[in-house]
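Structure first, then comments.
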Amino acid sequence: MPPGFETLDGPRPEFAELYAMVEFPGGYRERTRKNVRTSEGTLSIASNWASLGEKCTATAIRDFRKPSIDVDIRDPIPVARVVEWIRSNHIGVLNVAGNTQPRTRTARSFGIIAFAEEYLAGVFFSPGHHGLPGPDMSRNFMKNNCLGSEIIHAPAAERSYPISEGDFPMAIAVKDSDIGFTKVALPYGWLGNMSPHPVWHLGRTWLTTEALFQALRFRPERENLMHEVWKQKSPMAAKMVSKRLRNEYPDSLGHQPLDVVDLGNMQLMLRLKIAQHTALRRQLLDTGDRLIFEDIGARKGARHEFWGARRQGGEWVGQNHLGRMWMELRSELAADPAILDPFTKTAQMAAF
């Protein structure tokens, strides 16, 4: 990474521990060349192939005679072709390169980061791709992104979360006071499941609520699969492993994603995080009566619009279940702080 672990979102020194990232003393050109040289192949995702960065990457690929493949986000090649390229070239360490979203007008307009996340997930979970990226591949994936109670498996009838839309419209006018949380490093990023706030549940410490949430999608008797999710070192890796395992073992699912049980489990995630990180309680209460939204930006798809909302024509559009849960918890906490007592680490350890 650049000196000071600099990213587009500011310094991220925690990446050294989370993703085994290291600072590189050289400039952009030297860092790009080293990424190409020390990997076994480069996957470039871009829309502006004439950018200086893409030219630098292409030159390094030629100089080091490394395998490469290009994905144009305006007309992407099938995921299967990338999977076959990885297999045929025996790629174990993958360097993911491409345009930087906030710094190129073309890339920004096409939402390259959101595209890259979805496309790479398709590559790693494709039936033709066996296994997930190892630590080295995960590190190179991050190089691109840096620049750029109980287990709830109860029947739906036993869940009480109000999933009807009558009490909260699908579209609501945007106000300056609204809180829209996105990346972990940005203001209010702690409201997301990816934030580095470990929680104790089910007899162990989970590095993030994202990892625990993904593990809870499996049946309790499939503890081996839950363990595979638990041992991942980053929330994104936990999410990717969970998706792969669900695809490989469909009968292991305790419920379907985005169903009422998912909603109940998400409520549990919020309570565990706030109960076990007391500083976050005050931060939540300090939001007062401001509306909270998970800002999904340019990300498309039912799951994004289920959990969050996007700004569109002066309105927030989406079901925003995650934001609504935070607002409900805020109201409950203000009325009775004791509601969190069962979710503290002490209480969870005693109940286990």
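Remark: region 85-100, residue by residue, has Karplus-estimated 3J(HN,Hα) of 4, 4, 5, 5, 9, 6, 6, x, 10, 9, 9, 9, 10, x, 5, 9 Hz, where x stands for each Gly or Pro and the curve is 6.51 cos²θ - 1.76 cosθ + 1.60 at θ = phi - 60°. Shown are Thr278, Thr57, whose ranking by accessible area with a 1.4 Å probe and every protein chain present, most to least, is Thr278, Thr57.
Remark on Phe218: its backbone amide H falls under 5 Å from those of Gly254, a criterion applied only to residues 5 or more positions apart or on other chains, H modelled at 1.01 Å from N. Amide H contacts of Gly92 (H built 1.01 Å from N, in plane; Pro and chain starts excluded): Glu40 sit under 5 Å, all sequence-distant by 5 or more or on other chains. Dipole orientation for region 271-320: of the candidates Ile292, Thr278, Trp316, Thr278 has the Cα lying most toward the positive pole (charges on Cβ; Lys, Arg +1; Asp, Glu -1). For the residues Lys175, Lys345, a 1.4 Å probe over the protein chains yields an accessible-area ranking, largest first, of Lys175, Lys345. Given the pairs Lys55/Lys243; Lys55/Lys231; Lys175/Lys300; Lys175/Lys231; Lys175/Lys243, which are separated by over 32 angstrom at their Cα positions? Checking Cα-Cα distances, Lys55/Lys243; Lys55/Lys231; Lys175/Lys231; Lys175/Lys243 exceed 32 Å. With distances taken between every two different alpha-carbon atoms, region 161-289 has a Kirkwood hydrodynamic radius of 16.1 Å. Of all the accessible heavy-atom surface of region 172-243, with the other protein chains kept in place and a 1.4 Å probe, what percent is carbon and sulfur? That fraction is 56 percent. Taking amide H as placed 1.01 Å from N in the peptide plane, Val174 has its amide H under 5 Å from the amide H of Glu315, Trp316, each at least 5 places away in sequence or on another chain. Based on protein heavy atoms only, region 234-352 ends up with 43 Å² per residue of surface accessible to a 1.4 Å probe.
The values are calculated or read from the model by the stated rules, or taken from the named source; none is laboratory data. Remember, predicted model here, so these are calculated numbers, not experimental data. Cβ coordinates were reconstructed from backbone atoms using ideal geometry, including for glycine residues, and neighbour counts include every protein chain displayed. In case anyone asks, the SASA skips ligands and DNA or RNA and just uses the protein heavy atoms, side chains included. Shrake-Rupley method; radii C 1.70, N 1.55, O 1.52, S 1.80 Å.
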